[in-house]
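Accompanying notes for the structure given below.
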Amino acid sequence: MERVPERVLISGGGPVGLICAYALAKENIPVIVFDENSELQEDPRAATTHPATLELLADLGLVGKVIEQGLICPIFRFWDRPTGNLVAEFDHELLRDDTDYPYVVQCEQFKLTRILVDLMRSMTAADIRFSHRVTSVSQGDQCVSIEVDSPNGINHFQGRYLIGSDGGRSTVRTEAKIPFKGFTWAERFLVLSTPFDFEAQRGMCHRNYISDPEEWCNCFKVAGDGPPGLWRTVYPEAADVPEADLLTDEYIQNKLQNFFPSRDKYDIVHRNLYTVHQRVAATFRKGRVMIAGDAAHVNNSIGGMGLNGGIQDAVNLAEKLIKVWKSGASDSLLDKYNDERRTFAIEFVQAQTIQNKNRLEAKDPKKRKKFLDDLQSIAADSKRARQFMLKSSMIEAMRRIQDRNR
């Protein structure tokens, strides 16, 4: 019988797949990462890195590089668009006794992938292959086999385990016949990036949530390529308007001017429109196949939970694989990965992000007033504000799930 290669196969070279690869390769566990793109993607997607995730990155020795390439953001604010009033401000300094990282770091996910690839270049256990797309998956008792479309044609690979971190349209999840249950929001999200200084011109901090019954907005700053940085604004858009119409210069200028009137035309350096889902896979493990990140769960971006949840998946899974690989633990330990991370996705990430969206766009005047009054009251009470931020920072839920499954 042919000997199965002692390695872990990973489909998807985004931050989740590369975190898995890096954590395993650090322990000299051979990994091959397959990514369908010809190189690392530098599209400006998620950037918010919460304290709970910073703790995990610190354990991997990565947090210093992430902070260096990002922006430290200790506070976030809620605004009421109809009145223009600042409703509440929350300062992570209240978490000083709860974490070594009482702040959020705004570091675009493509910077994290660059950091990881640079570190893995010198690791003999890590093999990253771009322009390699996993197209089929099969598995047996001892191994998992994949078919890969590469520049040299179709190739076949085997390994002990396969990790699918290949996004919301995951081929690995589909090939493993894992249902992806949930729903799609009627609205799409429009993301616009501009160097316009909302801090100097509008008095905003680096993370802002603007509530409105008709058209809410999130406004936050990222480091970009360096000073002065970029500001991203996010808006809901109707599903029945053609995408091309929503991305025209005229529409985008009107959108920004309606929210943030300015004498000057806005310089737009990036624009994107995307469909928003709330879905969780029926299982995160099927035999020798595991899924993580967007392949396992997707959610709306309000609150910055998606990337963080994916990184937390990656670290959790890698920790368990290392124990199975090096310490002789039963691979039933991988069932705990499914139990812990799927529970987290359902009970916290899905519930929290749905609530975040519903609150920002609440139309009933009484419900809106209660939401804004509650926020103001919580922010004014340091004990309640700390509890609020333990939740928003993902610290409370991550530790609760870990404790429950010990």
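The values are calculated or read from the model by the stated rules, or taken from the named source; none is laboratory data. Please read these numbers as outputs of a predicted model, since none were measured by experiment. Neighbour counts are summed over all protein chains in view; Cβ atoms, including those assigned to glycine, are modelled from backbone coordinates with ideal geometry. Surface accessibility is based on the protein's heavy atoms, side chains included, excluding ligands, DNA and RNA. Shrake-Rupley method; radii C 1.70, N 1.55, O 1.52, S 1.80 Å.
So here's what we get for this one:
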| read-out | value |
| --- | --- |
| Tail beyond 18 Å, pair distance distribution of segment 116-215 (Cα, percent) | 70 |
| Candidate aspartates and glutamates - alpha carbon under 16 Å from residue 181, same-chain residues fewer than 8 apart omitted | 294, 347 |
| Cα centroid separation, segment 191-254 to segment 1-31 (Å) | 38 |
| Cα gyration tensor category, rounded, prolate or oblate, for segment 36-107 with a/c compared to 1.5 | oblate |
| Heavy-atom surface of the chain, accessible at 1.4 Å and reported per residue (Å²) | 44 |
| Computed over the chain: relative contact order in percent, which uses C-alpha pairs under 8 Å that are six or more apart | 20 |
| Of the trypsin sites (Lys or Arg not before Pro) in segment 328-393, those whose Cβ has at most 10 other Cβ within 10 Å and which sit in DSSP loop | 363 |
| Heavy-atom accessible surface of the chain: percent carbon and sulfur, 1.4 Å | 46 |
| Candidate lysines - alpha carbon under 18 Å from residue 65, same-chain residues fewer than 8 apart omitted | 26, 111 |
| Segment 295-334-segment 101-115 distance, computed between alpha-carbon centres (Å) | 18 |
| Cα gyration tensor, segment 287-394 - rounded (a/c under 1.5), prolate or oblate | prolate |
| Per-q log10 I(q)/I(0), segment 212-369, q = 0.13 Å⁻¹ (Debye; single scatterer per alpha-carbon; no solvent) | -0.79 |
| Cα gyration tensor category, rounded, prolate or oblate, for segment 1-51 with a/c compared to 1.5 | oblate |
| Antiparallel bridges, percent of DSSP beta bridges restricted to the chain (to nearest 5) | 75 |
| Other-chain or far-sequence residues with amide H under 5 Å of residue 270's (modelled H) | 193 |
| Paired Rg and Dmax values of the chain, which use every Cα atom, in angstrom | 21.6, 74 |
| Given 286/323; 221/265; 286/391; 177/323; 255/367, the pairs whose alpha carbons are separated by over 21 Å | 286/391; 177/323; 255/367 |
| Local electrostatic count at residue 102 - Lys and Arg +1, Asp and Glu -1, tallied over other residues with Cβ under 12 Å | -4 |
| Mean residue ellipticity (222 nm) of the chain, computed from DSSP H runs ≥ 4 via -39,500 (n - 2.57), nearest 500 | -10500 deg cm²/dmol |
| Loop GluC sites (Glu not before Pro), segment 7-109, which have at most 10 other Cβ atoms in a 10 Å radius of their Cβ (DSSP) | 39 |
